[in-house]
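What follows is a set of notes on a single structure, which appears directly below.
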Amino acid sequence: MHTSIVRLLQGVPMNREYADVLIFSSASAQQAYFESKVKYQFSNLMYIKETEIYIPDQAGKYRDCNYLMYNNSDYPGKWFYGFIINVEYIADGTTKVVYIEDFLQSWMFEMHVHPCLVVREHVNNDAVGAHIKDEGLALGEYVINRTTEEQFIPYWIVIVSSL
């Protein structure tokens, strides 16, 4: 029988927009950090493959949890991570936890990040033209098919589009 271990976490300082992310040096450091945030743990739950987890308990206890980690029995040692987006009361003794997978944390140590196309750095001398570097991206001449101007004193509205 396929089963899962689910851990509900509290106080994880990340959000699903990836505005704030945590970077770890190893999978064991990652797992140790998230285990320090565990508030509840469940074993032998149904195999998790979608974005919902059913927990055999009351919903009110879990509303302050914002993150989860789970392991399916088919992937021993592999933890998947996710942002909890809703905790729903289904019935007495049944709670549905809706989540979105955190792809960055789930696959951080299985992915390879390639170098950036253009690398930018801040410099001390920010004088106009001091750091112009041709990047070899020929854009050709600008082609203007039509222009329209309207003046709304003291403002101008400019609309530019490309095909």
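The values are calculated or read from the model by the stated rules, or taken from the named source; none is laboratory data. The shown structure was predicted, so the numbers you read here are calculated from the model rather than taken from an experiment. No Cβ is skipped: glycine too gets one built from the backbone with ideal geometry, and neighbour counts run over all protein chains shown. Quick note on the areas: whole protein, heavy atoms, side chains included, nothing else; ligands and nucleic acids left out. Shrake-Rupley method; radii C 1.70, N 1.55, O 1.52, S 1.80 Å.
Checking region 142-153 against the condition returns no match, with no residue being surrounded by 10 or more Cβ atoms within 10 Å (Cβ to Cβ) and among the hydroxyl-bearing types (Ser, Thr, Tyr).
Output the qualifying pairs, or none if there are none: Cβ atoms under 9 angstrom, residues six or more apart or on different chains, first residue in region 129-157 and at negative phi, second residue surrounded by fewer than 10 Cβ atoms within 10 Å (Cβ to Cβ) and of a type in the set (Asp, Glu). So the pair list comes out as Trp156/Glu149; Trp156/Glu150; Ile157/Glu149; Ile157/Glu150. Residues in region 73-129 that are aromatic (Phe, Trp, Tyr) and assigned to a loop (DSSP other than H, G, I, E, B) were compared, and the one that is surrounded by the most Cβ atoms within 10 Å (Cβ to Cβ) is Trp79. Restricted to region 4-63, and to residues there that are among the β-branched types (Val, Ile, Thr) and under 16 Å from the mean Cα position of the chain (by Cα), the residue that is nearest to Met111 (Cα to Cα) is Ile23. Taking region 2-48 as the range and being in contact (Cβ under 8 Å) with a residue 12 or more places away in the chain, assigned to a loop (DSSP other than H, G, I, E, B) and open to solvent by 70 Å² or more (accessible area, probe 1.4 Å) as the test, the residues that pass are His2, Gln10, Arg16, Tyr18, Ile23, Tyr47.
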